[in-house]
Amino acid sequence: MRSILVSSTELYSGKSALCMALAMKLKENELKVGYMKPVGNIIVDVNGELVDDDALNMKKMLGLDENLDEISPILFTHQLLEDVLEGKDKQLVPKLEKTFKHVSRNKDVVILEGAGDVSGSSVLGLSDSEVARITGSKILLVSKYCDEFTVDRITTYMKLLSSDVEVLGIIFNNTSMERMNFVKEKVVPYFDRKGIKVLGVLPRNRALQTISAREIAEGLNGEVLAGKNNLDVTVDGIVVGALAADSAIKVFRRKHNRAVVTGGDRADLQIAALEARMRIMILSGNLYPPNQVLGRAEELGVPVILTTDDTTTLVDRMEQLLRTVRVKNVQKIDLMKNMFDENVDTDRILKSLSE
């Protein structure tokens, strides 16, 4: 059995999507694939039970047999942090070792998803470097090439790794077109000279960064007032409706692929947004809009989501949701899989598993 730990230099690099694509590729090669996220840090409540959202998604999409508390055995809750800070021995390493042994049984490959960034879960003694050492995993490093300091972050990451942990290679994810040539012509050869293989450079794809009305409603704990039959509609950003209606409609028409965020008491802006064919409407203040607004939204198939947050808080929460968009639907998974096939040296990954 071999194991790969998918790690990252920064948050929101696309590790989960790459874990999914890698798992599907390995399964295509008739390998029995397992998955673990040793430290769950995207915690959600499912029927009164705390679970990691990535683990929940992977179990569903990959058809995993293990229980969620085996797929993600350690949840990084506030209580766990308090216990560790107080010096209580939580036996986290033995728990990881035992669970990893169980999940690995009868598997050809186990994919482990890292904690978030270079420092993630260090206080627990379970940073990615430590987990790789404990489980004997090779590290596949994912990084967004988002600025000139990306190479610095990767270099620092490499210096912090345990000397007995092997790096399989680097995948640059979500790379903008204007940076693509620079990465391929300058950055890839640089790391090659350092003895670190760049296994792929994936371009940015806006379709992977969209969020659906259903995900918004769930993420905001919002109430869907209209458009319940069209909750799969997606947006790639928000626009805040705070202007006079005649000025706002000009903005709405330029940014119709976004969700409009406005007060529940601003019927003028709500009507303007509907006439401009905005895709989703999110209302703040727990104020119900007039029936004419809901009727028109239902007619147009525009989801209207009511929240209890004030507008400022709502904007902050929406921006957080957009930064942490997760690949959960079949269309996005297929797209990510195709991008992985086209841009990643999967033959080298497969070869490394037999070495």
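General remarks:
- Between the helical axis of 291-300 and the longest alpha-carbon principal axis of the chain there is an angle of about 60 degrees.
- Whole-Hz Karplus values for the stretch 139-151 come out as 9, 9, 8, 10, 8, 7, 8, 9, 6, 5, 8, 4, 5 Hz, taken residue by residue from phi with 6.51 cos²θ - 1.76 cosθ + 1.60 and θ = phi - 60°; glycine and proline positions read x.
- Taking only the alpha carbons of the chain, we obtain Rg and Dmax values of 22.3, 66 Å in that order.
- Of all aspartates and glutamates in the structure, those lying under 15 Å Cα to Cα from LYS186, and not within fewer than 8 positions of it along the same chain, are ASP147, GLU148, ASP152, GLU178.
- For GLY237, the residues 5 or more places off, or on other chains, whose built amide H falls under 5 Å of its own are ALA259.
- Per residue, the accessible area of the stretch 59-161 comes to 49 Å² when a 1.4 Å probe rolls over the protein heavy atoms.
- Dipole magnitude of the chain about its Cα centre (Cβ charges: Lys, Arg +1; Asp, Glu -1), debye to nearest 20: 1020
- Debye intensity ratio in log₁₀ form over the Cα atoms of the stretch 136-289, taken at each q of 0.16 Å⁻¹: -0.85
- Neighbours of GLU66 by Cβ distance under 11 Å: Lys/Arg scored +1, Asp/Glu scored -1, total 0.
- Residue by residue, the stretch 112-129 carries 3J(HN,Hα) couplings of 10, 9, x, 7, x, 8, 4, 9, x, 6, 4, 5, 8, x, 9, 5, 4, 4 Hz when phi is fed to the Karplus relation 6.51 cos²θ - 1.76 cosθ + 1.60 (θ = phi - 60°); x denotes Gly or Pro.
- Environment charge of THR234, counting only residues whose C-beta is closer than 9 Å and scoring Lys/Arg +1, Asp/Glu -1: -2
- Heavy-atom accessible surface of the chain: percent carbon and sulfur, 1.4 Å: 47
- Beta bridges by DSSP in the stretch 34-183, antiparallel share as percent, to the nearest 5: 25
- Nearest-10 value in Å² for the accessible area of LYS32, using the 1.4 Å probe: 120
- 0 to 90° range, to nearest 10: angle between helix 311-323 axis and the chain longest Cα axis: 40
- Subset of LYS27/LYS197; LYS60/LYS95; LYS159/LYS197; LYS15/LYS337; LYS15/LYS138; LYS37/LYS90 violating a 20 Å alpha-carbon distance limit: LYS27/LYS197; LYS60/LYS95
- Net charge, ASP147 excluded, C-beta distance under 10 Å - Lys, Arg +1, Asp, Glu -1: +1
- Beta bridges by DSSP in the chain, antiparallel share as percent, to the nearest 5: 20
- With an a/c value of 1.5 or above and a/b not larger than b/c for the gyration tensor axes a ≥ b ≥ c computed over the alpha-carbon atoms, the stretch 278-325 is described as oblate.
- Within straight-line cross-link reach of LYS98, aspartates and glutamates at Cα separation under 16 Å, skipping those fewer than 8 residues along the same chain: GLU66, ASP69, GLU70, GLU130
- Max mean-square fluctuation residue, GNM over the chain, Cα-Cα springs under 10 Å, options GLY264, GLY195, GLY116: GLY195
- Close amide H pairs (under 5 Å, H built 1.01 Å from N) link GLY169 with LEU141, residues at least 5 positions away or on another chain.
- Heavy-atom accessible area with a 1.4 Å probe sorts ASP83, ASP65, largest first, into ASP65, ASP83.
- For VAL110, residues with placed amide H under 5 Å, excluding near neighbours: ARG2, SER3, ILE4, GLY34
- Whole-number accessible area per residue in Å² for the stretch 182-236, which is evaluated in the context of all protein chains at 1.4 Å: 53
The values are calculated or read from the model by the stated rules, or taken from the named source; none is laboratory data. Everything quoted here is computed from the prediction, not taken from an experiment. Neighbour counts are summed over all protein chains in view; Cβ atoms, including those assigned to glycine, are modelled from backbone coordinates with ideal geometry. When the accessible area is computed, the model is the full protein with side chains, heavy atoms only, and any ligands, DNA or RNA have been set aside. Shrake-Rupley method; radii C 1.70, N 1.55, O 1.52, S 1.80 Å.
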